[in-house]
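Some notes on the structure that comes next.
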Amino acid sequence: MTQKIYPDPYGWDTWDEDNDARVFVHIANSEMYHEITGEAPPPTPIDVRTYIEYGFPWFDLYDGDLGDVATSSELGGVQSVQSLDPSMDAQEVADGTW
């Protein structure tokens, strides 16, 4: 998977730096979702098999026109799972064999 931080198209003058807030985000898998909400998790709209079936790239973004902020020195050395394990591919993920 590829991740980018996009340049701010609005500029600093747009934002009210004196009016801030805090939000906590908790990432939960489907089992945790059920424990937290008491409801079944929503269905996944698309899975890796569908991407493969239609020939869509699983690890690409469709945002070439949005630009990208330069990598920070702190995050510059982070490696992707695919670079750490080149044998991993989308079909293994789809098959659940990774």
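Dividing the summed helix terms, -39500 (n - 2.57) for each DSSP H run of n ≥ 4, by the number of residues in the chain produces a 222 nm estimate of -6000 deg cm²/dmol to the nearest 500. The gain in end-to-end length when the L75 to T14 segment is fully stretched comes to 19.2 nm, 0.36 nm per residue minus the alpha carbon separation.
Please calculate how many Å² of accessible area the chain carries per residue, with a 1.4 Å probe and no DNA, RNA or ligand atoms counted. Walk me through the numbers on the way to the answer.
Details: 9160 Å² over 98 residues.
Result: 93 Å² per residue.
Expressed as a whole percent, the accessible area of region 3-86 that falls on carbon and sulfur atoms is 55 (1.4 Å probe). Counting only Cα atoms, the chain measures 48, 38, 27 Å along its principal axes, largest extent leading. Among the chymotrypsin sites (Phe, Trp or Tyr not before Pro) within region 2-75, those in coil by DSSP and having at most 16 neighbouring Cβ atoms inside 10 Å are Y10, W15, F24, W58, F59, Y62.
The values are calculated or read from the model by the stated rules, or taken from the named source; none is laboratory data. It should be emphasised that the depicted structure is a prediction, and the values quoted were computed from it without experimental measurement. With ideal geometry, Cβ positions are generated from the backbone for all residues, glycine too; neighbour counts draw on all protein chains shown. Note: areas computed on protein heavy atoms with side chains; ligands, DNA, RNA excluded. Shrake-Rupley method; radii C 1.70, N 1.55, O 1.52, S 1.80 Å.
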